[in-house]
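Have a look at the structure below before the remarks.
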Amino acid sequence: MEFFCYHRDRVGSLPLRRELGEAHWAYMDQYGAELIARGPTFAADGETPTGSVHIVDLPDSAAARSFAFDEPNYQAGAYRDVLLRRWRNMLGRTMWEFPGGRTGGNRYLVIGLGSGPEADLQVRADLEDLIAYGPLLSDDGDAWLGTAVLMRGPDAETARAVLSQERYADIEVHSWEFGGRR
C-alpha cells in the first residue's frame, strides 16, 4: 500500500530540525527500499524549510502511522501537523526514475484537497515534468480525497494548473526539492 506523508514544520523549529538531522536521516535510512519519493518543502525565500514529504510503500495503515509518528522530528515537536493519506502511484515509478533527473528547473509539491467524485485520475500525456502523481485516498482506499503531485515547472501558477481548479476546495503549492542524504 502506498502512502503520502507530509510533515509540516512548526514555526521556529529549524534549530530543532538541524539538531535532529542525523537522527532523521538514520530513521529514513531504515525505509530506503520503501520510499517512492521524498524531500523538503520551502518558504517563498527558497531557503527556509516548511515541511518534509515522504511517499512510501508500506504493508498497511498501522505501518504508515508508525512511519509518520515515530519519526524523530515529529517525536521532538518540530512539526505542527501531519497529512497522512493512502495514495496511488499513477506513474508507476520512483522519483529516482524521473527522466528529468534530480536537478534543473523549479520543483513543486501540489496538494489538492477535494470531495465527491474523483478528479484528475488520468495522467495527461503532455505533462512530462511529473515526478510523482496520484490520488489521496481514505484509509480503506475507497474514497477520493484529493490529489498529490511532485513536479518540475517554470513557476507556482503552472504547477497549480496541473489540477482541475474547480474540483478542489483548496490547492496548495510548495517549493520542493529531491530529498535524501547529501
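Read the figures in this text as sums done on the coordinates, not as results from a lab. Quantities reported herein were computed from a predicted structural model and do not represent experimental measurements. Heads up, the Cβs are rebuilt from the backbone with ideal geometry, glycines too, and the neighbour counts pull from every protein chain shown.
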For the chain, treating each Cα as an identical point scatterer without solvent, what Debye log10 I(q)/I(0) comes out at q = 0.13, 0.17, 0.19 1/Å? -0.62, -1.12, -1.41
Determine the relative contact order of the chain: mean sequence separation of Cα pairs under 8 Å and six or more apart, normalised by residue count, in whole percent. 27 percent
Give, as a single signed number, the net charge of other residues whose beta carbon lies under 15 Å from the beta carbon of P154, with Lys and Arg counted +1 and Asp and Glu -1. -2
Would you please classify the overall shape of region 2-86 from the alpha carbon gyration tensor, given that a ≥ b ≥ c denote the square roots of the eigenvalues, rounded means a/c under 1.5, and beyond that prolate means a/b larger than b/c while oblate covers the rest? prolate
Would you work out if region 15-58 is rounded, prolate or oblate? Take a ≥ b ≥ c from the square roots of the eigenvalues of the alpha-carbon gyration tensor; rounded if a/c is under 1.5, else prolate when a/b is larger than b/c, oblate otherwise. oblate
What does the C-alpha gyration tensor say about the overall shape of region 111-152? Classify as rounded when a/c is under 1.5, otherwise prolate if a/b is larger than b/c, or oblate. prolate
Run lengths n ≥ 4 of DSSP H only: what is the helix-derived mean residue ellipticity at 222 nm for the chain, with -39500 (n - 2.57) per run over all residues, to the nearest 500? -4500 deg cm²/dmol
With a point put 7 Å past each Cα toward its Cβ, work out how far E97 is from L113 in nm, to one decimal. 3.1 nm
Apply the Karplus parameterisation 6.51 cos²θ - 1.76 cosθ + 1.60, with θ equal to phi minus 60°, to every residue of region 78-86 and state each ³J(HN,Hα) to the nearest whole Hz, in sequence, with x for glycine and proline. 6, 9, 8, 6, 9, 9, 10, 9, 4
What is the distance, in nm, between label points placed 7 Å from the Cα along the Cα-to-Cβ direction at D81 and at E166? 2.8 nm
List the residues, sorted by chain then number, that are 5 or more residues from G179 or on another chain and whose placed amide H is less than 5 Å from its amide H. R38, G39
In whole Hz and in residue order, list the ³J(HN,Hα) couplings for region 54-64 that follow from phi through the Karplus curve 6.51 cos²θ - 1.76 cosθ + 1.60, θ = phi - 60°; x for Gly and Pro. 9, 10, 9, 9, 10, x, 6, 5, 5, 5, 5
Determine by what factor the alpha-carbon radius of gyration of region 89-176 differs from 2.2 N^0.38 Å, reporting the quotient. 1.05
I'd like the Karplus ³J(HN,Hα) series for region 105-117: coefficients 6.51, -1.76, 1.60, θ = phi - 60°, whole numbers in Hz, and an x wherever there's a Gly or Pro. x, 7, 10, 9, 9, 10, 10, x, 9, x, 8, x, x
